[in-house]
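Peer 1: The following block contains the structure, expressed as structure tokens.
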Amino acid sequence: MARHAIPNVFALRCAGCRQSGSSLCRRCRFALASSPAVSFGPIRAAMSFDGAVRSAILGLKFANQRAVARHLAALLVRRLGLDRGSAAFDIVTWAPTSRQRLSRRGYDQAELLARATARRLGVPCRRLLYRTHGAPQAGRGRAERLAGPKFRVRQARPGVRVLVVDDVVTTGSTLRAAEAALRAAGVTEVTLVAVAATPGRGVRPLSPWTRTHVDFERHLRCAS
Ligand SMILES: [Zn+2]
């Protein structure tokens, strides 16, 4: 039997605090569930990008803590009510990271989150967006960088309802560029969500604090 096929539970580390034992410990799960949902223009985010939320997402992005994607997707769905009847989607997709980052990490964290979200919603996850190859980010002017990446769309039928999932929203330029590309391809219903939003100008609370405890209880039931 190949050595790597043996599951090693001792290798699991919490993405929030790096303690061994689970992909997200109980204390960090509570911290994540206590973080307020926010909106940033048309983009809704399940949490604020600081504290344990920040650690968990950075763990997913840079420390190969892929198992935490499932927990983050569970919070995304519950806290933004994506599983309610009024919010129905035909396809879940993501705004892909650059090819350089993908080859450095070996995976796209936005894709992992989109796939975990789609599984939870029982909706197919498809890649619809592709980055167009412009000049690298560093070689571009400030205005062009703020405008974000550009995407082209493949295989999107007009009339489908698309949910675009991202990890962190800072300027919103990536998700807005994704939406513009989808609309140009004839997709009329586009919903933009992120696991977290960087606190700052334009970020507003989305749900009352009183719901937090209920969210936490539900999250523990469905994600542990
Ligand atoms: Zn932890």
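Peer 1: Give me the one-decimal nm value for the distance between modelled label points at residue 88 and residue 18, 7 Å along each residue's Cα-to-Cβ direction.
Peer 2: The two pseudo-label positions are separated by 4.7 nm.
Peer 1: What FRET efficiency would be calculated for the residue pair residue 183, residue 103, taking the C-beta separation as r and a Förster radius of 30 Å, to the nearest 0.05?
Peer 2: Numbers: r = 30 Å, r/R0 = 0.99.
Rounded to the nearest 0.05, the efficiency is 0.50.
Peer 1: Residues with amide H under 5 Å of residue 45's amide H, sequence separation 5 or more or different chain, H placed in the peptide plane at 1.01 Å from N; which?
Peer 2: 38, 39, 40, 194
Peer 1: How long is the range 32-77 along each principal axis, judged by its Cα atoms, biggest number first, in Å?
Peer 2: So the extents along the principal axes, rounded to whole Å, are 30, 20, 19.
Peer 1: Might you tell me the accessible area per residue for the range 75-118, computed with a 1.4 Å probe and given in Å²?
Peer 2: 41
Peer 1: With no solvent and one equal point scatterer placed on each C-alpha of the range 84-125, evaluate the Debye formula and give log10 I(q)/I(0) for q = 0.24, 0.26, 0.31 Å⁻¹, two decimals.
Peer 2: For the requested q values the scattering log ratios are -0.77, -0.85, -1.02.
Peer 1: Report the trypsin sites (Lys or Arg not before Pro) located in the range 51-95 that are in a DSSP loop and have at most 10 other Cβ atoms inside 10 Å of their Cβ, or state none.
Peer 2: Those satisfying the criteria are 84.
Peer 1: Which FRET efficiency value, to the nearest 0.05, do you get for residue 30 and residue 150 by plugging their Cβ-Cβ distance into 1/(1 + (r/R0)^6) with R0 = 25 Å?
Peer 2: Efficiency computed from Cβ-Cβ geometry: 0.05.
Peer 1: Please give the residues of the range 40-74, grouped as numeric ranges, whose backbone N is less than 19 Å from a label point set 7 Å along the Cα-to-Cβ vector of residue 171.
Peer 2: Once the point is set 7 Å along Cα→Cβ of residue 171, 40-44, 49 turn out to lie under 19 Å by backbone N, inside the range 40-74.
The values are calculated or read from the model by the stated rules, or taken from the named source; none is laboratory data. Predicted, not measured: the structure shown is a model, and the values here were computed from it. As a convention, Cβ positions derive from the backbone with ideal geometry for all residues, glycine included, and neighbour counts pool all protein chains shown. The area values use the complete protein model at the heavy-atom level, side chains included, leaving out ligands, DNA and RNA. Shrake-Rupley method; radii C 1.70, N 1.55, O 1.52, S 1.80 Å.
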